[in-house]
Amino acid sequence: MWSTHLPQVNVAVVHLLIYKGKSDMQTITVTDNAWKKINERLSTLESSNLRIRLNSKGCGGSSYAFEPTDKEPTGTEEYVEKDGTKIIFSGNMGFIIRGSTMDWIVKDDFSEGFDLVNPQEIGRCGCGESVILK
């Protein structure tokens, strides 16, 4: 279900300011297709934001979880925003996903979903359930 290579797509680059004493600008790229799917999915769930978490799971050790939420970011979380919709993640997660590209991919008639291509990954498990991070 997860792809390590993305087709050429138009992307909207969203700048993410890291707080906690850091003043440098970090970037996560969210494709227009991903923003569209985020908004479509959130509207059917009557949620306003998406939260990204890193869970311990699978043979690779870690997996990304994408969860709808109505909650706003707390003081320890960062977010990227477009047209009022926020993608929220913990401060530590900001360092893990720095430089990543988030897209919505359709592999076949039975599998589609968000894909986070992360330069911090050193591998993915064969089944697509988890990633191995540096």
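Just so you know, all these numbers are worked out from the coordinates, no wet-lab data involved. All values reported here derive from a predicted model rather than from experimental measurement. With ideal geometry, Cβ positions are generated from the backbone for all residues, glycine too; neighbour counts draw on all protein chains shown.
Put in order of Cβ neighbour count within 10 Å, fewest first, the listed residues T101, T74, T29 become T74, T29, T101. For region 92-108, the Karplus equation 6.51 cos²θ - 1.76 cosθ + 1.60, evaluated at θ = phi - 60°, returns couplings of 5, 5, x, 6, 6, 9, 3, x, 7, 10, 9, 9, 10, 10, 10, 7, 7 Hz by residue, with Gly and Pro reported as x. Partners of K107 within straight-line reach, counting aspartates and glutamates whose Cα lies under 20 Å from its Cα and excluding those fewer than 8 residues away in the same chain: D32, E40, D115, E129. Considering only alpha-carbon pairs that sit under 8 angstrom and 6 or more positions apart, the relative contact order computed for region 11-133 is 26 percent.
All other residues whose Cβ lies under 15 angstrom from that of P68 are scored, Lys and Arg at +1 and Asp and Glu at -1, for a net of +1.
For a quick check: with amide H placed at 1.01 Å from N, whose amide H comes under 5 Å from V30's, ignoring anything fewer than 5 positions away on the same chain? Here the answer is A12, V14, M102, since their amide H atoms fall under 5 Å of that of V30.
Couplings for region 84-90, taken from phi via the Karplus curve 6.51 cos²θ - 1.76 cosθ + 1.60 with θ = phi - 60°, read x, 9, 10, 9, 10, 8, 5 Hz in order; Gly and Pro are left as x. Entry for region 22-134 at q = 0.09, 0.19, 0.20, 0.22 Å⁻¹: log10 I(q)/I(0) = -0.23, -1.09, -1.21, -1.42, Debye formula applied to identical alpha-carbon scatterers, no solvent contribution.
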